[in-house]
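Engineer: Mind looking over this structure? Questions follow.
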Amino acid sequence: MPVDCQVATRGRCGSRGGGQRARGLGWAPFLERARREEKRAEGRRRCGGPASPGGSLSSGQRGRPGTVAAARMAACAEAPELVYLVTGGCGFLGEHVVRMLLEQEPRLRELRVFDLRLSPWLEELKTGPVQVTAIQGDVTQAHEVAAAVSGAHVVIHTAGVVDVFGRVSPETIYKVNVQGTQNVIEACVQMGTRFLVHTSSMEVVGPNIKGQPFHRGDEDTPYEAVHKHPYPQSKAQAERLVLEANGREVRGGLTLVTCALRPTGIYGEGHQIMRDFYRQGLRLGGRLFRAVPASVEHGRVYVGNVAWMHVLVARELEQRAALMGGQVYFCYDQSPYKSYEDFNMEFLGPCGLRLVGTRPLLPHWLLVLLTALNTLLQWLLRPLVLYAPLLNPYTLAMANTTFTVSTNKAQRHFGYKPLFSWEVSRARTILWLQGKEGSAQ
Ligand SMILES: NC(=O)C1=CN([C@@H]2O[C@H](COP(=O)(O)OP(=O)(O)OC[C@H]3O[C@@H](n4cnc5c(N)ncnc54)[C@H](O)[C@@H]3O)[C@@H](O)[C@H]2O)C=CC1
Ligand SMILES: CC(C)CCC[C@@H](C)[C@H]1CC[C@H]2[C@@H]3[C@H](O)CC4=CC(=O)CC[C@]4(C)[C@H]3CC[C@]12C
């Protein structure tokens with residue numbers, strides 16, 4: 001249920017400037033509300049009233065940084081004002097999607113952020129011109145999802161359990177990732193919301209249980225996608241549900257348009273596993289020990305670019321419904337293909353860590369033995385304590401299997417170009433690791 005339904009209205013045609021980031025909630029609430037109501041009324045006079053969820057989204061401006069004000073000026077002349085819902089909006093990716101929408105979607109009137117656990121940084125966003133509504137809710141509860149979706153034009157569904165370490169039971173993973181996604185779909189149908197963007201994962205494709213490499217593959221590359229682990233299984237099932245829902249009739253008689261994005265391993269500000277490696281390196285006297293061969297390649301993608309792709313897809317879905325509806329897109333950018341550890345060193349190196357060894361220090365068979373031992377320990381200790389180390393048979397197999405994506409489908413279908421270059425992505429991630437900058441906590 002909304003914990004804050006405060007009407008934080010904005011001047012719809014004006015520049016957003018740094019408003020979203022402004023801090024300080026010390027204004028007299030009544031004066032503030034009056035000011036917002038006034039702005040809202042002015043916006044309504046200048047831009048026309050909001051459209052219904054079943055209504056039409058006007059063609060989007062292909063926003064680049066710095067063009068928001070111009071885009072807003074153009075948009076407000078003809079566009080309805082949009083309500084977006086981001087599920088999982090307080091997660092690693094979700095936070096970037098939320099901030100990206102505020103920066104890059106000029107037609108946004110209200111942004112609903114739905115999450116099991118609401119983050120304190122949401123407060124600072126409420127002082128900006130867009131109404132930011134924080135909704136503490138659970139995607140497994142159909143009625144909570146329906147209430148949040150009601151009146152939304154677009155849903156970006158990033159909520160999910162991301163666990164490959166055995167921290168969460170398979171039942172919960174399934175319930176959140178599959179049932180939760182089904183609830184989101186049904187809510188769109190019931191409430192007449194037409195546009196659903198779903199965060200899937202490269203894991204719906206692979207690596208598969210045979211550890212077969214996927215080398216520079218695209219969305220059409222044949223690959224035996226067979227999984228045993230609950231996380232990829234749940235993501236694959238959820239993606240299928242989303243794609244099958246494309247074209248369903250929603251309340252009001254129009255059709256649902258859905259799309260699934262498949263990020264590879266995401267990195268950037270807020271990436272907790274990266275921070276875990278950093279802390280582990282510090283504990284080991286500034287060293288990390290190579291565990292997987294440098295020849296294994298992984299495709300990784302910067303969180304800002306993943307967020308940008310979500311925003312673009314959401315913006316373009318109506319105009320290109322026939323082309324994009326029911327489609328999947330890998331999320332990619334210009335990050336270099338490297339082994340998992342060598343890639344991490346791009347950030348950990350400048351933070352003072354060193355990767356020891358040009359080849360894995362332990363033979364592969366010993367690592368396999370260690371993963372088996374970890375599995376046994378996890379099972380034995382389960383009644384007493386949660387033992388969930390990074391290294392288990394599944395993560396070792398992942399780290400040891402080449403999985404790289406090379407595609408331009410998103411570019412062809414909706415004009416995607418990464419917003420952040422590799423250099424900028426790298427610099428931002430390093431600053432965040434060093435605790436100097438970055439939005440994500
Ligand atoms: N982290 C990665 O490398 C990748 C992530 N993904 C996908 O991206 C999405 C976001 O992942 P991350 O941001 O990394 O994970 P995260 O764990 O940081 O964020 C997930 C968010 O969903 C929320 N959530 C969990 N259960 C919920 C429930 N029952 N109801 C409402 N909210 C709930 C969490 O509170 C959290 O804020 C997930 O769907 C994940 O499968 C896909 C590819 C790679
Ligand atoms: C020293 C060890 C051998 C190194 C272990 C590394 C692993 C923890 C990570 C290797 C590959 C990662 C996964 C990959 O990036 C793809 C993913 C996609 C998702 O949708 C969720 C996250 C993840 C499963 C990611 C998780 C950590 C690794 C297994």
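The values are calculated or read from the model by the stated rules, or taken from the named source; none is laboratory data. The model shown is predicted, which means the values in this text are computed figures rather than measured ones. As a convention, Cβ positions derive from the backbone with ideal geometry for all residues, glycine included, and neighbour counts pool all protein chains shown. Ligands, DNA and RNA are excluded from the accessible area calculation, which covers all protein heavy atoms including side chains. Shrake-Rupley method; radii C 1.70, N 1.55, O 1.52, S 1.80 Å.
Engineer: For the stretch 113-124, how many residues are surrounded by 22 or more Cβ atoms within 10 Å (Cβ to Cβ) and more than 9 Å from ligand 1 (Cβ to nearest atom)?
Structural biologist: Of the residues in that region, 1 qualify.
Engineer: Here is a follow-up. Filter the stretch 210-232 for residues that are without any contact (Cβ under 8 Å) to a residue 24 or more places away in the chain and open to solvent by 50 Å² or more (accessible area, probe 1.4 Å); which is nearest to Tyr329 (Cα to Cα)?
Structural biologist: Top of the filtered list is Asp220.
Engineer: Counting only residues that are within 15 Å of His143 (Cβ to Cβ) and either in contact with a Gly (Cβ under 8 Å, 6 or more places away or on another chain) or without any contact (Cβ under 8 Å) to a residue 24 or more places away in the chain (or both), how many does the stretch 165-186 have?
Structural biologist: Residues flagged as within 15 Å of His143 (Cβ to Cβ) and either in contact with a Gly (Cβ under 8 Å, 6 or more places away or on another chain) or without any contact (Cβ under 8 Å) to a residue 24 or more places away in the chain (or both) within the stretch 165-186 amount to 1.
Engineer: To continue, here is another question. Going through the stretch 147-161 one residue at a time, which ones are of a type in the set (S, T, N, Q) and surrounded by fewer than 17 Cβ atoms within 10 Å (Cβ to Cβ)?
Structural biologist: If the condition is that a residue be of a type in the set (S, T, N, Q) and surrounded by fewer than 17 Cβ atoms within 10 Å (Cβ to Cβ), then Ser150 is the only one that fits.
Engineer: If you don't mind, there's one more thing I want to ask. Exactly one of (1) in contact with a His (Cβ under 8 Å, 6 or more places away or on another chain); (2) at pLDDT below 95 is unmet by Thr158. Its number?
Structural biologist: Just one mismatch for Thr158, condition (2).
Engineer: What number of residues within the stretch 380-420 are in a helix (DSSP H, G or I) and in contact with a Gly (Cβ under 8 Å, 6 or more places away or on another chain)?
Structural biologist: Count: 1.
Yes/no per residue for (1) near ligand 1 (Cβ under 9 Å from one of its atoms); (2) at pLDDT 95 or above; (3) open to solvent by 50 Å² or more (accessible area, probe 1.4 Å):
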{"site": "Thr127", "(1), (2), (3)": "no, no, no"}
{"site": "Val145", "(1), (2), (3)": "yes, yes, no"}
{"site": "Asp163", "(1), (2), (3)": "yes, yes, no"}
{"site": "Asn183", "(1), (2), (3)": "no, yes, no"}
{"site": "Thr199", "(1), (2), (3)": "yes, yes, no"}
{"site": "Gly206", "(1), (2), (3)": "no, no, no"}
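Engineer: Residue check: is Thr255 open to solvent by 20 Å² or more (accessible area, probe 1.4 Å), at pLDDT 95 or above, among the β-branched types (Val, Ile, Thr) and away from ligand 1 (no atom under 16 Å from the Cβ)?
Structural biologist: The answer is yes for Thr255.
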